[in-house]
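To start, the structure itself, in structure tokens.
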Amino acid sequence: METWRVLAGFLIPLVMTLVGVVLATNFRGAAEWHMRQSMSAASVLRRVPPWRLLPDPDHDRRLARFVLLDRALGVLFTAAGPILLVFHCYLIFTDEQAFSHR
């Protein structure tokens, strides 16, 4: 196995776990910031008629719901990171390649 694949196999689950912990705990408002950025980027895709220029009263409730969803995804990332790390170590010790068709 090439060296870069071994390093990537260790780094990806560690970064995935770190990002998951940051999102799950909302460390320094990271989940809130992420959802605000995502909602502002997605608002460009929504077509708003000219008479709807007033502020959206449901924005705060939607933001809170999406932050909760983002934190739940952070928990899933936190759980999936060590699983992928163990899977990668297993592949290294058994000298197999993942999903290879021999």
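Measuring between their Cα centroids, region 1-45 and region 72-93 lie 14 Å from each other.
Descending by average beta-carbon neighbour count within 10 Å, the peptides 72-82, 58-68 line up as 72-82, 58-68, the highest first. The gain in end-to-end length when the residue 3 to residue 94 segment is fully stretched comes to 31.1 nm, 0.36 nm per residue minus the alpha carbon separation. Put simply, the amide H of residue 26, placed in the peptide plane, has neighbours under 5 Å in 31, leaving out anything fewer than 5 places away on its chain.
Taken together, the values in this text are just the output of simple stated rules run on the coordinates, not laboratory data. No experiment lies behind these values; they were computed from the predicted model shown. Virtual Cβ from ideal backbone geometry, glycine too; neighbours counted across all protein chains shown.
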